[in-house]
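The values are calculated or read from the model by the stated rules, or taken from the named source; none is laboratory data. Being a predicted model, the structure only gives us computed values, none of them experimental. Heads up, the Cβs are rebuilt from the backbone with ideal geometry, glycines too, and the neighbour counts pull from every protein chain shown.
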Amino acid sequence: MSRFNESRREVNKTWGDWRWQLRHAVTGVAPELEAFGIPRADAERVQRRYPVKLTPYALAQLSPDNPADPLNRQALPCAEELTPEEGMVADPFAEKTRAACCYGLKQRFPDRVLVMANDQCAMACRHCTRKGLLKGAEVVRTPAQLAAAAAWVKAHPDVREVLLSGGDPLLLSDGRILAFVRAFARLPQIDAVRIGTRVPVTLPMRVTPELARRLGAFKKVWV
């Protein structure tokens, strides 16, 4: 094998490593944003309120020649984020003020609950309804907190669906993801454990065949 092919093989291996992608995420007012013609002053103002972050994979999907490209609009900071339209609010679902059922668990509908499983994402989506709320959010991090959430659901048989959200649950380790799913999927009353994630389009290499197989084995997981 030539040195060129060896080098290309190593680059492909690195690019396909989701942990490498996260370690090399573009954050803040990075030089990479200059190619998209974003005024530095605008980027700095937005960054102070709504931090910028996207993986190298996500950056590679963007179009420097078309500022109005929908993918660009989802990923890149824009001054319009600081001047919301009339009627828009920072917390559209009142999650910050809604009383939690227990730590990290919230309920808006009688038959389903939301569990905050993480406060990190592979990309800071500019349209996210939670982008200004993740810092300091109540996130289920310990086995005791997860057990308490599962016990609350078990004690309320009208709950048939659990949404794992955040942040992105699929940025957790395989073991932690499976622990969250197992805690709720084993309850007979639960029809579905949904995982709210954008990883398939912002960090697709995270969805490994092994993780997909193990999640599929529960027969209750929806993404």
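Scanning segment 125-144 for residues that are surrounded by 17 or more Cβ atoms within 10 Å (Cβ to Cβ) and in contact with a helix residue (DSSP H, G or I) (Cβ under 8 Å, 6 or more places away or on another chain) turns up Cys125, Arg126, Val140.
The residues in segment 14-38 that are more than 18 Å from the chain's Cα centre (by Cα), more than 23 Å from Leu134 (Cβ to Cβ) and touching a residue at least 40 places away in the same chain (Cβ under 8 Å) can be counted, and the count is 3. Per the conditions (1) surrounded by fewer than 19 Cβ atoms within 10 Å (Cβ to Cβ); (2) at pLDDT 90 or above; (3) more than 30 Å from Phe180 (Cα to Cα), the sole criterion not satisfied by Tyr103 is (3). Looking across segment 177-223 at every residue that is charged (D, E, K, R) and touching a residue at least 40 places away in the same chain (Cβ under 8 Å), the one that is surrounded by the most Cβ atoms within 10 Å (Cβ to Cβ) is identified as Arg206.
In the set (1) at pLDDT below 90; (2) aliphatic (A, V, I, L, M); (3) within 25 Å of Val199 (Cβ to Cβ); (4) surrounded by fewer than 12 Cβ atoms within 10 Å (Cβ to Cβ), Ala60 fails one condition alone, (1). Taken as a whole, the condition of being over 28 Å from Gln47 (Cβ atoms), in contact with a helix residue (DSSP H, G or I) (Cβ under 7 Å, 6 or more places away or on another chain) and assigned to a strand (DSSP E or B) applies to Val113. For His156, the criteria (1) more than 30 Å from Gln61 (Cα to Cα); (2) in contact with a Ser or Thr (Cβ under 7 Å, 6 or more places away or on another chain) hold in every case but one, which is (2). Scanning segment 158-214 for residues that are within 16 Å of Met116 (Cα to Cα) and in a loop (DSSP other than H, G, I, E, B) yields Gly166, Gly167, Asp168, Leu172, Ser173, Gly196, Thr197, Arg198.
Looking at Gly216, Gly196, just one residue is over 23 Å from His24 (Cβ atoms) and over 12 Å from the mean Cα position of the chain (by Cα), and that residue is Gly216. Beta carbons closer than 8 Å, at least 6 apart along the sequence or on distinct chains, pair a first residue in segment 144-156 that is part of a helix (DSSP H, G or I) with a second that is of a type in the set (Phe, Trp, Tyr) and modelled with pLDDT under 95 for Gln145/Tyr103; Ala148/Tyr103; Ala149/Tyr103.
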